[in-house]
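The values are calculated or read from the model by the stated rules, or taken from the named source; none is laboratory data. Note that the structure is predicted; figures quoted are calculated from it, not measured. Methodologically, a virtual Cβ is constructed for each residue, glycine included, from the backbone with ideal geometry; neighbour enumeration extends over all protein chains shown. Ligands, DNA and RNA are excluded from the accessible area calculation, which covers all protein heavy atoms including side chains. Shrake-Rupley method; radii C 1.70, N 1.55, O 1.52, S 1.80 Å.
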Amino acid sequence: MSGKNRIIVEKDEMQASLPMSDAWMMRLKKPSYCDIFLPLYSARCLTVEAGGLELREKLPPGVWVQEMNLLAFILQKFDTQQMEQFQKMVLPVTRTYPGELINYALAICPEAAGFERGDHFHPQYTGENLFDLMEYKRFQDWRQEHASFQIAKFYFPVEVSWKPEHSFSAIELTPAEAVAYQPQISEMIARCIRPESCWSDWEGYDRLFELTPYKGHGLLYERPDVEIRNGELWGVVVAGVSRKLTEIDKDVLKDHFDGGIWEGWGEHSLAVQVPGGSLQLFLSDCTKVFQQAEGELVLTEREMFCCQAPHLKSRLSYMDGWEPDFRGEREYGKEHAIWLELLKDRRRVRIPLPAEDSRILEEIRRSSVNPGEFLRIRIKTRDRLSLYNGRVSESDIPVLNQIGERIQGMHGDRKKKFYEILLDKKWGSRNRVQGLWEILEAFSGNGEGAYEAESMGMR
């Protein structure tokens, strides 16, 4: 079967033919409120054709516009053989989700996410990393929309001090000595500036382009980092810009980046944990600017994209033995009354409760959680209530499982009363498994004893 690709969605009485660039979407939503960036499954598909194969009836009634936007972009990249392969994969499927279609398509055409053909890494959509997956689409859109699209780098000095473990004094390193710690510092910055959730990725994204540096001075994106330059460690803000920067543009962007350095990077200094001690970073203002348009940076297209998204593979690569679950909480709750959610690196694992401790521990280890490392875990119910949302260690798992089993055994009215108590106490701010257990024990009134951390192997 061969034919055209057509994906048309409707949201808040607005229709959009996809794929569409972010800039065009922002223009569409100007006349009236129509939030098409946030992960809300409130749009509906009018047409979904992949090479002439109609897929709309296979999808749920509510979709997220940006998922459909990425799917349309990937389908656009297919050659004839890839389209035939995709159609063979989806033809026998009766019901599916946009996320599953995205992963089918990425398995065939990883280049659509910026991965290189033949690379042993290939991308995977987890349901939580869409913003990262769309980096390559944004890069291509900007290159098409702006004939003078280029990379500019704004450099600023970084002072690094080394503080040995159990020491009260720090040793200032020279810029040349600090070079040895570039990977650790770069990783820390990337971790600090990445939003905590998929919602945070998109929240306020469109409003960013209303800021003066973006609206009036060509800025399209900004990414802070540290680089080795002439044998010394420098701070840098990598910027994608729509044109050659004038002196006025440079001054405006410098002021913008300087403010971000001091306000957005943790006030006046940053600490980086390294073996044997820690590093303290003190950041200064931007002093030097280099741009491609002036011949000061010589970059291939691939290198330009790597400047924009250097952590792509670590955030998007397929994880063996793990498959994403794209069911919403309401749908999942129809089958399971209470469950654990394990969240690590934008991947979510659901485990119905009660479950064997070994099953939970297996999933913890699959998530590559090291001894002493913390994993974010939630206990959720079919009533869409989050009973626990915090970081726990591996030693907490038996307790969480007992909590789930106890709640599972409650009758309807009693369970509802327990939920009301939890909401009233607002215990979640304590961010401790112990808090939930103590409330449950007090509510049960069965005299089984208080939560004993030591008996559970906790500290």
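Data table
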{"quantity": "Some residue of region 49-72 being part of a helix (DSSP H, G or I), in contact with a Phe, Trp or Tyr (Cβ under 6 Å, 6 or more places away or on another chain) and surrounded by 15 or more Cβ atoms within 10 Å (Cβ to Cβ)", "calculated": "no"}
{"quantity": "Every residue from region 156-171 that is over 23 Å from residue 258 (Cα atoms), of a type outside the set (A, V, I, L, M) and in contact with a Phe, Trp or Tyr (Cβ under 9 Å, 6 or more places away or on another chain)", "calculated": "162"}
{"quantity": "Residue identified as crowded, with 22+ Cβ neighbours inside 10 Å and touching a residue at least 12 places away in the same chain (Cβ under 8 Å) among 113, 107", "calculated": "113"}
{"quantity": "Single residue of region 150-186 satisfying the filter (modelled with pLDDT of 90 or more and among the acidic types (Asp, Glu)) that is farthest from the chain's Cα centre (by Cα)", "calculated": "172"}
{"quantity": "Residue satisfying all of: in region 346-358; in a loop (DSSP other than H, G, I, E, B) and at pLDDT below 85; nearest to residue 380 (Cα to Cα) among these", "calculated": "353"}
{"quantity": "Failed condition for residue 96, given (1) over 20 Å from the mean Cα position of the chain (by Cα); (2) within 27 Å of residue 36 (Cβ to Cβ); (3) open to solvent by 40 Å² or more (accessible area, probe 1.4 Å); (4) of a type in the set (Ser, Thr, Tyr)", "calculated": "(3)"}
{"quantity": "Hits in region 401-446 - residues which are aliphatic (A, V, I, L, M) and modelled with pLDDT of 75 or more", "calculated": "403, 407, 410, 421, 436, 439, 440, 442"}
{"quantity": "Among (1) open to solvent by 10 Å² or more (accessible area, probe 1.4 Å); (2) part of a helix (DSSP H, G or I) - the single one residue 86 does not satisfy", "calculated": "(1)"}
{"quantity": "Test: residue in region 363-378 that is under 33 Å from the mean Cα position of the chain (by Cα), modelled with pLDDT of 75 or more and in a helix (DSSP H, G or I)", "calculated": "yes"}
{"quantity": "Top-ranked residue in region 73-83 [being in contact (Cβ under 8 Å) with a residue 40 or more places away in the chain and open to solvent by 50 Å² or more (accessible area, probe 1.4 Å); ranked as nearest to residue 127 (Cα to Cα)]", "calculated": "76"}
{"quantity": "Search result, residues across region 92-132 that are in contact with a Phe, Trp or Tyr (Cβ under 6 Å, 6 or more places away or on another chain), within 20 Å of residue 199 (Cα to Cα) and in a loop (DSSP other than H, G, I, E, B)", "calculated": "97, 124, 127"}
{"quantity": "Residue 128 touching a residue at least 24 places away in the same chain (Cβ under 8 Å) and either more than 25 Å from residue 214 (Cβ to Cβ) or in contact with a Pro (Cβ under 7 Å, 6 or more places away or on another chain) (or both)", "calculated": "yes"}
{"quantity": "Subset of region 193-210 [out of contact with any Pro (no Cβ under 9 Å at 6 or more places or on another chain) and open to solvent by 80 Å² or more (accessible area, probe 1.4 Å)]", "calculated": "196, 207, 210"}
{"quantity": "Count - residues of region 133-143 that are acidic (Asp, Glu) and assigned to a loop (DSSP other than H, G, I, E, B)", "calculated": "0"}
{"quantity": "Out of 353, 316, sole residue that is of a type in the set (A, V, I, L, M, F, W, C) and within 24 Å of residue 401 (Cβ to Cβ)", "calculated": "353"}
{"quantity": "Inter-residue pairs, beta-carbon under 7 Å, first closer than 25 Å to residue 360 by Cβ and in region 310-322, second outside any loop (DSSP other than H, G, I, E, B) and modelled with pLDDT under 85, 6+ apart", "calculated": "321/366; 322/366"}
{"quantity": "Residue 179 vs. criteria buried (at least 16 other Cβ atoms within 10 Å of the Cβ) and either assigned to a strand (DSSP E or B) or in contact with a His (Cβ under 6 Å, 6 or more places away or on another chain) (or both)", "calculated": "no"}
{"quantity": "Inter-residue pairs, beta-carbon under 6 Å, first open to solvent by less than 30 Å² (accessible area, probe 1.4 Å) and in region 16-31, second modelled with pLDDT of 95 or more and in a strand (DSSP E or B), 6+ apart", "calculated": "16/9; 18/7"}
{"quantity": "Residue in region 281-309 that is nearest to residue 155 (Cα to Cα), counting only those that are open to solvent by less than 60 Å² (accessible area, probe 1.4 Å) and modelled with pLDDT under 95", "calculated": "286"}
{"quantity": "Pair list, Cβ < 8 Å and 6+ apart or interchain, from region 184-196 residues that are within 14 Å of residue 314 (Cβ to Cβ) and free of Cβ contacts under 8 Å to residues at least 40 places away in the same chain to residues that are of a type outside the set (Phe, Trp, Tyr) and surrounded by fewer than 15 Cβ atoms within 10 Å (Cβ to Cβ)", "calculated": "none"}
{"quantity": "Members of region 211-221 found to be open to solvent by 30 Å² or more (accessible area, probe 1.4 Å) and part of a helix (DSSP H, G or I), listed by number", "calculated": "212, 215, 216"}
{"quantity": "Candidates 329, 394, filtered to the one that is at pLDDT below 80, surrounded by 15 or more Cβ atoms within 10 Å (Cβ to Cβ) and of a type in the set (Asp, Glu)", "calculated": "394"}
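Every residue, every condition in (1) modelled with pLDDT under 95; (2) closer than 20 Å to residue 141 by Cα, yes or no:
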residue	(1), (2)
7	no, yes
17	no, yes
25	yes, yes
34	yes, no
65	no, yes
